[in-house]
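The values are calculated or read from the model by the stated rules, or taken from the named source; none is laboratory data. This structure is a prediction, so every number in the text was calculated from the model and none was measured. We place every Cβ from the backbone using ideal geometry, glycine too, and count neighbours over all the protein chains shown. To get the accessible areas, we keep the full protein, side chains included, count just its heavy atoms, and leave off ligands, DNA and RNA. Shrake-Rupley method; radii C 1.70, N 1.55, O 1.52, S 1.80 Å.
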Amino acid sequence: MKRFKERWEIQKNWQLLFPFLGVLGLLFSSYRLALKLSGDYHIFFTILTTIALYFVFLKLSLFLFKKLEKKWLVTYKWEMIRIFIVFAVTGTSSLFVGRPIIKLLGITKDNLNPILYWILFIIIGLIFYQILLLFFGWMFGQFQFFWEFEKKMLSRFGLKRFLD
């Protein structure tokens, strides 16, 4: 445990919450994907697929940590886990918020061209994603990181004049 804390620069025990949530999130994602892949096969196949996917996702996550560690300026390594969790929660939440909004507007695949429907769905999802990213960044104590990230993203969309 001491090596783990040193590797992720964890000074207080409450900071262990973020690696725990990260591992739990990877395991849940692996399980959900394994359920989709295994279909009606035996539970043993689902468990094996979950384990295999978990290790693939873990290796991918650790690879991304190494690549982004130099790019993202954070004080401690464990904060990167917190940032990844914010991105995951925000992405999922934007879908949960976007779907009811698009239904509230009366936009469905039945009354609109499917291509136009998906374009509108993505635009509405992006709008809520930006708002939710700042909200969850604030909730997880990373508001400054996400505010800078947001400013960069909006300037890439050509909306920098709204930030000044």
Applying the selection to the stretch 134-159, what residues are under 20 Å from Thr75 (Cα atoms), of a type in the set (A, V, I, L, M, F, W, C) and in a helix (DSSP H, G or I)? Leu134, Phe136, Trp138, Met139, Phe143, Phe145, Phe146, Trp147, Phe149
Gly141: without any contact (Cβ under 8 Å) to a residue 60 or more places away in the chain and touching a Lys or Arg at 6+ places or on another chain (Cβ under 9 Å), yes or no? yes
Is there any pair with a first residue in the stretch 63-86 that is closer than 17 Å to Phe4 by Cα and in contact (Cβ under 8 Å) with a residue 24 or more places away in the chain and a second that is of a type in the set (Ser, Thr, Tyr) and open to solvent by less than 30 Å² (accessible area, probe 1.4 Å) whose Cβ atoms are under 9 Å apart and which are 6 or more apart or on different chains, and what are they? Ile81/Ser61
The one condition in (1) outside any helix (DSSP H, G or I); (2) open to solvent by less than 50 Å² (accessible area, probe 1.4 Å); (3) in contact with a helix residue (DSSP H, G or I) (Cβ under 8 Å, 6 or more places away or on another chain) that Gly106 fails to fulfil: (3)
Going through (1) at pLDDT 85 or above; (2) under 20 Å from Glu9 (Cα atoms); (3) not hydrophobic (A, V, I, L, M, F, W, C) one by one, Gly91 fails only at (2)
Search result, residues across the stretch 36-61 that are open to solvent by 70 Å² or more (accessible area, probe 1.4 Å) and of a type in the set (A, V, I, L, M, F, W, C): Leu37, Ile43, Phe44, Phe45, Ile47, Leu48, Ile51, Phe55, Val56, Leu60
Residues of the stretch 1-35 being among the β-branched types (Val, Ile, Thr) and under 15 Å from Leu62 (Cα atoms), which ones? Val23
Could you go through the stretch 72-81 and let me know if any residue there is over 20 Å from Trp8 (Cα atoms) and open to solvent by less than 30 Å² (accessible area, probe 1.4 Å). no
Output for the stretch 88-99, where each listed residue is surrounded by 15 or more Cβ atoms within 10 Å (Cβ to Cβ) and more than 23 Å from Phe4 (Cβ to Cβ): Val89, Thr90, Ser93, Ser94, Val97, Gly98
Within the bounds of the stretch 72-91, is there any residue that is within 23 Å of Phe18 (Cα to Cα) and polar (S, T, N, Q)? yes
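Residue-by-condition table, conditions (1) within 26 Å of Gly22 (Cα to Cα); (2) open to solvent by less than 60 Å² (accessible area, probe 1.4 Å):
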site	(1), (2)
Ile101	no, yes
Leu112	no, yes
Leu134	yes, yes
Trp138	yes, no
Gln144	yes, no
Looking for whichever is closer than 24 Å to Leu26 by Cα and assigned to a loop (DSSP other than H, G, I, E, B) here; the options are Val97, Val74, Val86. Which one fits? Val74
